[in-house]
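The values are calculated or read from the model by the stated rules, or taken from the named source; none is laboratory data. Just so it is clear, the structure is predicted and the values come from calculations on it, not from any experiment. When we count neighbours, we look across all protein chains shown, and the Cβ atoms used for this are built from the backbone with ideal geometry, even at glycine.
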Amino acid sequence: MKKASFVRGEKTMSKTVLGLIASSSLSTAFWCAPAWAQASAPAVQGAVAGAVAADDEVGGEIIVTAQKRAQRLLDVPSAVSVVTPALLRDSGAKDLVDVSQLTPGVIVSPVGMGGRTMQTFTIRGIGNDDFRPNGNPSAAVHVDGVYQSSSALVGGQIFDVERVEVLKGPQGTLYGRNTTAGAVNIISRKPGDRFEGNISAEYGRFKSFRVEAGLGGPLSDTVGVRVSGVYDRSDGYYTNLGSGTAAGFRLNPAIPGNPDPGVNDKAARSRFFAGRAVLAYDSDQGTAITANLHGFRERGGAAQFERIFAIGAFPANRPYTFDVSFDPYLRKSSYGGSLTLQQDLSDDIFLTGIAGYEYMKQSFASQSDASPLRGAADFLYRDRLNQKSLEVRMQNRNSDTLDWTIGASGFRDKIKLISTLDFSDSLRTLVGGDYRQSREGWAAFADGTYHLGDKWKVGVGIRYTKESSDFDGTTVDLNPYGVTANAFPSLPLTFAKDYSGSNVSGRATLSYQPNSSTNIYLSFGRGFKAGGFDGSTSINDVEANPFGDEKVWAYEGGVKFLPRGGIVQVEASAFYYDYSGLQANSVRISNGIANAVRVNVGKARIYGAELTATVRPVDRLEMQLSGAFLSSKITRIISDSPAEAARRLGNKLPFAAPATLSGTIRYSIPLSNDLELVPYVSGRYITDHYSEIDNYLQVQGYFLANAQLELRRKDSWSVAAWVRNLTDRSYTATYFIPSLATASRLRGEPRTYGVRLGFEW
């Protein structure tokens, strides 16, 4: 299979007419057709994938597409962390939580009620705590070039992955909405120019089992295919000690769509499988088309609500146990696809169009008050989301004078949220909500970098975004026992709200490259996180009102010293953020009733520095040390409650750890010409921090160490033994605090260990 012509720089015939026809077809598919599937990367991403993997093994140049063009990591004038294939393999990364342990200044938090497919990013202290599908993430995640409008879509993508790029700081020009924290690019493997395959299986503690496989290669000179999949199961590390009954009752079967599942002592048990198929066409006439289909499914429990202090007559739970009166559970399925077209318009200009479609449905049940009582505060959520997206951009090939990109993008999604909250034991009521939200937006953008001679570059980019959203629904008191006492006199509630807004974001950069291995840069940029609506149950009209955008002004300076094959490589940066429109829950008074409402609560400032040093003192030995240092402070609070305002002013932002330190050591010991033994050790330390804006409970700092020993035969078999959380450190991943009267925790995974067998050809 041929590589993309614009990567190898071949001269091709102009296909302007074909490009315009293709662009029109993509637009029609976006707005009218039931779409294609999960994102396929532009051909450049697939074309450079092999170079990334092969070159990085020996400390060579890393090629990234952070600026939506293939270029050296050195040439990108911003902080970008790249998790390479070798690092993914050695670390055994399975999800984005694992990936975050390899990137300084990044914390990915599992959501207790969401299994492995609900995870939220915090980058340099900016994150998101909204777990419903209509919540806007702070870091825009793109999978093979396709924007994921909800964090609920991101889970399950870390298999058969070529690399992960984490762009830090606002990325408003090229990535648009929801980039106050940064952007994340997940790039999957594409068909190569020869048939190749891989399969691995591992077994570990808690009866965990995982098998992953991929196969791909050319079908002809112009067509290639790759298929891959993963199956992962585990009994989990949490145990439910609940009896299945409380006060003589089981989980209320009156909750619509919620049968009584009883109690399973292994309530965190999970089953996950996913698949991907890629079909790529690449002609010698300057046309490249990639179709990408994918899907995943998760079935399991949600390990959460370990009571951390006595509530009423109920003592705190022992570590890794909880005692709810039913099985918290998660059922989630997602599928999607994409079609990517890349067309040469001339020898120097090409067009890229990416049309994508995503569908997700999920249901999960849990208990928010951390007590063993049935019906004290049980809840069930059932969600649906479908998303269409389109991006078309025109750009030149990398030049010595001016690199430019112009384009437009749009998305539309529809979300259905069904909520049921069971307060039948405490408030004698059962609240049901049925909500629908539709969102759409479009943007136009332009970005350019001008070369001022051989050493200086100046870049400027701007993006205009227009968005609108409609939110309507009904909340009722179901009164399952015929009880007339309504704890919420405002019900029934029917509402219809709308939101619209526009935003201008952009960046300016200046970089100086005194030699081929050094880049010193300054950048100034603006990013935003879109406004919207709270997707949790509304019991008062004020809760259904929209909130506005978050905005970040960012200032950054840095240096990259990345000599090809160098003994020492260094990346360092310092930054300052002016953060406004902070979105969070806050107390609002309506009709004399205090309501927890998601609104824009104030402002914050953030500043810090990051450093990554890679040292290769001798052949086959690589050591890497990274550190991120951060200061965050809420400087203004808007609240109807003086007590809340006083409690929050001056607080640190959630998951804004003052310091994160990580390191890896990898040594390849040759045993023969094609046989090697590879020991790998990694560690990560996170200082004390908070998981919520009130700074109510402090997450104690912790250190985690991982190790792996792998025996590998080149292009053949491998066998590895691994252990994670080597010291069996008990630590808190996140707290769940529905009110200041109750609190529970989700502990991180204790020590796990296992073996892995692999074969590749």
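Could you say whether any residue in the stretch 93-104 is at pLDDT 90 or above, crowded, with 22+ Cβ neighbours inside 10 Å and not hydrophobic (A, V, I, L, M, F, W, C)? For the stretch 93-104, residues at pLDDT 90 or above, crowded, with 22+ Cβ neighbours inside 10 Å and not hydrophobic (A, V, I, L, M, F, W, C): absent. For residues in the stretch 557-582 being of a type in the set (D, E, K, R) and crowded, with 22+ Cβ neighbours inside 10 Å, which is nearest to Pro514 (Cα to Cα)? Only one residue tops the list, namely Lys560. What about Ser243, is it under 17 Å from Gln367 (Cβ atoms), modelled with pLDDT of 50 or more and small (Gly, Ala, Ser)? The answer is yes for Ser243.
Every listed requirement among (1) more than 24 Å from the chain's Cα centre (by Cα); (2) in a strand (DSSP E or B) is met by Asp454 save one, (2).
Test Arg393 against the criterion of being surrounded by fewer than 18 Cβ atoms within 10 Å (Cβ to Cβ) and part of a strand (DSSP E or B), and give yes or no. Taking the combined requirement at face value, the residue does not satisfy it.
The test for being part of a strand (DSSP E or B), in contact (Cβ under 8 Å) with a residue 12 or more places away in the chain and surrounded by fewer than 20 Cβ atoms within 10 Å (Cβ to Cβ) does not hold for Thr475. The condition of being more than 30 Å from Leu625 (Cβ to Cβ), part of a strand (DSSP E or B) and among the basic types (Lys, Arg) holds for only one of Lys560, Lys551, that being Lys551. Picking from residues in the stretch 105-134 that are assigned to a loop (DSSP other than H, G, I, E, B) and modelled with pLDDT of 85 or more, the one that is nearest to the chain's Cα centre (by Cα) is Gly127. Looking at (1) touching a His at 6+ places or on another chain (Cβ under 6 Å); (2) within 27 Å of Leu215 (Cβ to Cβ), which one does Val699 not meet, given that it meets all the others? Val699 satisfies every listed condition except (2). Scanning the stretch 698-721 for residues that are more than 25 Å from the chain's Cα centre (by Cα) and surrounded by 19 or more Cβ atoms within 10 Å (Cβ to Cβ) yields Gln708, Glu710, Arg712, Ser718, Ala720. Of all residues in the stretch 418-439, those being of a type in the set (D, E, K, R) and at pLDDT below 80 number 3. Can you pull out every residue in the stretch 168-190 that is of a type in the set (S, T, N, Q), within 15 Å of Ala66 (Cβ to Cβ) and part of a strand (DSSP E or B)? Listed by number, the list holds a single entry, Asn185. Inclusion of Val599 among residues that are more than 28 Å from Asn651 (Cα to Cα) and free of Cβ contacts under 8 Å to residues at least 60 places away in the same chain is not warranted. Among the residues of the stretch 191-225 satisfying the criterion of being assigned to a loop (DSSP other than H, G, I, E, B) and over 29 Å from the mean Cα position of the chain (by Cα), which is surrounded by the most Cβ atoms within 10 Å (Cβ to Cβ)? Among those that are assigned to a loop (DSSP other than H, G, I, E, B) and over 29 Å from the mean Cα position of the chain (by Cα), it is Thr222.
Let's see how each residue does on (1) at positive phi; (2) modelled with pLDDT under 95:
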| site | (1), (2) |
| --- | --- |
| Ala646 | no, yes |
| Phe655 | yes, yes |
| Tyr680 | no, no |
| Ser691 | no, yes |
| Leu697 | no, yes |
| Ser718 | no, no |
| Tyr731 | no, yes |
| Ala741 | no, yes |
| Pro750 | no, yes |
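Scanning the stretch 687-706 for residues being in a strand (DSSP E or B) and in contact with a Phe, Trp or Tyr (Cβ under 7 Å, 6 or more places away or on another chain) gives a total of 5. Return yes or no: is Arg189 under 30 Å from Val723 (Cα atoms), at pLDDT below 95 and in contact with a Leu (Cβ under 9 Å, 6 or more places away or on another chain)? For Arg189, the condition - under 30 Å from Val723 (Cα atoms), at pLDDT below 95 and in contact with a Leu (Cβ under 9 Å, 6 or more places away or on another chain) - is not met. If you go through the stretch 217-238 and keep only what is of a type in the set (D, E, K, R) and under 22 Å from Glu162 (Cα atoms), you end up with Arg226, Asp232. Looking across the stretch 338-353, just one residue is among the small types (Gly, Ala, Ser) and either surrounded by fewer than 24 Cβ atoms within 10 Å (Cβ to Cβ) or closer than 12 Å to Gly286 by Cβ (or both), and that is Ser346.
Tell me yes or no: at least one residue of the stretch 667-685 is hydroxyl-bearing (Ser, Thr, Tyr), over 24 Å from the mean Cα position of the chain (by Cα) and in a strand (DSSP E or B). Within the stretch 667-685 (the criterion being hydroxyl-bearing (Ser, Thr, Tyr), over 24 Å from the mean Cα position of the chain (by Cα) and in a strand (DSSP E or B)), the answer is yes, since at least one residue qualifies.
Candidates in the stretch 280-294 are the residues that are under 25 Å from the mean Cα position of the chain (by Cα) and surrounded by fewer than 21 Cβ atoms within 10 Å (Cβ to Cβ); of these, the one that is farthest from Asn396 (Cα to Cα) is Leu293.
Tell me, yes or no, whether the stretch 336-358 has at least one residue that is more than 19 Å from Gly236 (Cβ to Cβ), in a loop (DSSP other than H, G, I, E, B) and at pLDDT below 85. Within the stretch 336-358, none of the residues are more than 19 Å from Gly236 (Cβ to Cβ), in a loop (DSSP other than H, G, I, E, B) and at pLDDT below 85. Whether a residue is at pLDDT below 95, more than 30 Å from Asn503 (Cα to Cα), among the aromatic types (Phe, Trp, Tyr) and buried (at least 16 other Cβ atoms within 10 Å of the Cβ) was assessed, and Phe411 does not pass this test.
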